[in-house]
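Contents: one structure, followed by commentary.
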Amino acid sequence: MPIRATKRGEERGPLSGSCDVLICGASFAGLAVARELAGSGADVLVIDRYEIGERQTSACGVPTEWLRATGLIEAERQRFGSLLIHTPHGSKRYDLPWTFSTFDYRELCELLWRQCDARFETAKVNGRAAPANGDGAIAVETDRGVLSAPLVVDALGWRRVLASGDGYQPPDAPLSRGLEVHPDGSGEDLEIWIDRRYVPAGYGWSFPARDELRIGVGSFDPRFHVRETTELLAEDLGRERVRYQGNWIPHKLRRATEGGVFFAGDSAGHCLPLTAEGIRTAIYFGIALGRELRAVQAGEQSREQAAARYASFHDSHGWKFRWMLRAQRLVPRIPPRLLGPLIRLLGNKRFVDWSFGHYLEIAPPPADSAHEQDRPRDKQDDAEHPLGAERDLVEAEQA
Ligand SMILES: Cc1cc2nc3c(=O)[nH]c(=O)nc-3n(C[C@H](O)[C@H](O)[C@H](O)COP(=O)(O)OP(=O)(O)OC[C@H]3O[C@@H](n4cnc5c(N)ncnc54)[C@H](O)[C@@H]3O)c2cc1C
């Protein structure tokens, strides 16, 4: 049994009161919002059922530039310039136009937290509570008491605990399922398997992270159980089946705001369909949301204006997510015998550069989001794009 740092039961006293911003969930999305509020003067309280960084929620793979641009590069474990794709009818190495990195979850969360000036408490969020008075504050019920704030963020993952119950439950909801094992060991390649032996609709992966491998299977069909085939893949690779971690992964956008609450990361469906990449998008939308809340705190806009602006930013990405979902639905329909030749055909350099360039553009890395004052003036004034100067950076990288 892993030793958990989180205090339990009597060790934790009652918790109640109010703050300016209450962020529920201290993983990628929640910490990104808190980071963006640093130095704003807001009293920000972050809560999570576990201590920060205690429970890894993914294989922790992300475009390297995202680690660099957010000051998190120290958490990097291994870097890859190519992706090795296996099908039953052959393998193909894709040389990527940008690198991908695996990182250490605990370290990354600690680094993110160091960039925040918020308070933190462990508490399990149960849902919305009736507001105590009519001041517009939103009340949240936790296992330690009721907390309230005018600005509340749900970064709690796919369960979207602070939304009105809309019966969004697997296996009927648009959720994929993912499971992985974390054996000791090392490897050179970032590998994926598109092979129906492991999953009829989805893929298997092996992400090396210096002295550990993250081997798993993700199924776009929530009815397909991935435990057996995750174990099969680990066995095929001659690796131990130890240290399991898994979760549901949303593959469809949901509303960005609801009942006055803001949603970011998996709670808003920000994980990309097809690839199930949800870390950089959680941080990306977390940064955008943090900016809007910061402007509320500064008296520059109301909560309702922030909600409208954030929802509009979220909605403006809808078409990209829909395209990814179309591709996700298409892949399982390709006859297995065509898969090998197709993967080889699509692996030509021009197509890989083009497609992966566009893929990164869905949520490009920020130039330096948290420390806006450090940015050149003309970049700060990019009103069209809430993440401002990042576009220039990506273009420069790709030139
Ligand atoms: C097996 C697997 C591998 C993956 N690999 C990758 C990958 O390599 N790269 C990538 O980009 N994406 C990957 N993903 C997707 C990625 O993990 C998610 O999209 C990402 O974690 C979303 O971040 P988040 O901050 O929105 O939510 P989460 O990371 O899920 O964080 C939610 C937080 O809320 C807390 N919480 C939940 N409920 C409560 C409650 N009731 N009360 C208090 N706290 C609560 C949790 O403890 C957690 O800290 C993977 C997913 C799975 C399942």
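The values are calculated or read from the model by the stated rules, or taken from the named source; none is laboratory data. Given the structure is predicted, the values throughout are model-derived calculations rather than measurements. Here the Cβ positions follow ideal geometry from the backbone for every residue, glycine too, while neighbour counts run over all protein chains shown. The protein model used for the area step is the full one, side chains on, heavy atoms only, and it has no ligands, DNA or RNA in it. Shrake-Rupley method; radii C 1.70, N 1.55, O 1.52, S 1.80 Å.
Just to be sure, is Leu339 crowded, with 18+ Cβ neighbours inside 10 Å, away from the ligand (no atom under 14 Å from the Cβ) and hydrophobic (A, V, I, L, M, F, W, C)?
On the way: crowded, with 18+ Cβ neighbours inside 10 Å: yes; away from the ligand (no atom under 14 Å from the Cβ): yes; hydrophobic (A, V, I, L, M, F, W, C): yes.
Taking the combined requirement at face value, the residue satisfies it.
Filter the strands (runs of 3 or more DSSP E) completely within region 118-206 down to those with at least 1 residues that are acidic (Asp, Glu), open to solvent by 20 Å² or more (accessible area, probe 1.4 Å) and over 27 Å from Ile283 (Cβ atoms).
Numbers: elements: 119-122, 125-129, 138-142, 145-149, 151-154, 175-181, 190-193.
Qualifying strands (runs of 3 or more DSSP E): 138-142.
Please find, among Ala123, Ala149, the residue that is of a type in the set (A, V, I, L, M), under 22 Å from the mean Cα position of the chain (by Cα) and at pLDDT 95 or above. Break it down stepwise before answering.
On the way: Ala149 fails: under 22 Å from the mean Cα position of the chain (by Cα).
Going through Ala123, Ala149 in turn, just one is of a type in the set (A, V, I, L, M), under 22 Å from the mean Cα position of the chain (by Cα) and at pLDDT 95 or above: Ala123.
Within region 76-90, how many residues turn out to be open to solvent by 30 Å² or more (accessible area, probe 1.4 Å), in contact with a helix residue (DSSP H, G or I) (Cβ under 8 Å, 6 or more places away or on another chain) and either at pLDDT 95 or above or under 26 Å from Ala42 (Cβ atoms) (or both)?
Qualifying residue count for the region: 2.
Quick check on region 275-283. Is at least one of its residues surrounded by fewer than 21 Cβ atoms within 10 Å (Cβ to Cβ) and either of a type in the set (Val, Ile, Thr) or away from the ligand (no atom under 16 Å from the Cβ) (or both)?
Yes, because at least one residue in region 275-283 is surrounded by fewer than 21 Cβ atoms within 10 Å (Cβ to Cβ) and either of a type in the set (Val, Ile, Thr) or away from the ligand (no atom under 16 Å from the Cβ) (or both).
Of all residues being in contact (Cβ under 8 Å) with a residue 12 or more places away in the chain and exposed (fewer than 15 other Cβ atoms within 10 Å of the Cβ) in region 300-328, which is farthest from Ile85 (Cα to Cα)? Just the residue, please. So that I can check it myself, show each step before the final result.
Filtering region 300-328 for residues in contact (Cβ under 8 Å) with a residue 12 or more places away in the chain gives 303, 306-307, 309-311, 313-315, 317-318, 320-321, 324-325, 327-328.
Narrowing the set further to residues that are exposed (fewer than 15 other Cβ atoms within 10 Å of the Cβ) leaves 315, 318, 327.
Values: Asp315: 32, Gly318: 28, Ala327: 17 Å.
Looking at residues that are in contact (Cβ under 8 Å) with a residue 12 or more places away in the chain and exposed (fewer than 15 other Cβ atoms within 10 Å of the Cβ), I get Asp315.
This table checks each residue for (1) surrounded by 18 or more Cβ atoms within 10 Å (Cβ to Cβ); (2) part of a loop (DSSP other than H, G, I, E, B).
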residue	(1), (2)
Gly39	no, yes
Leu45	yes, no
Val62	yes, no
Arg68	no, no
Gly71	no, yes
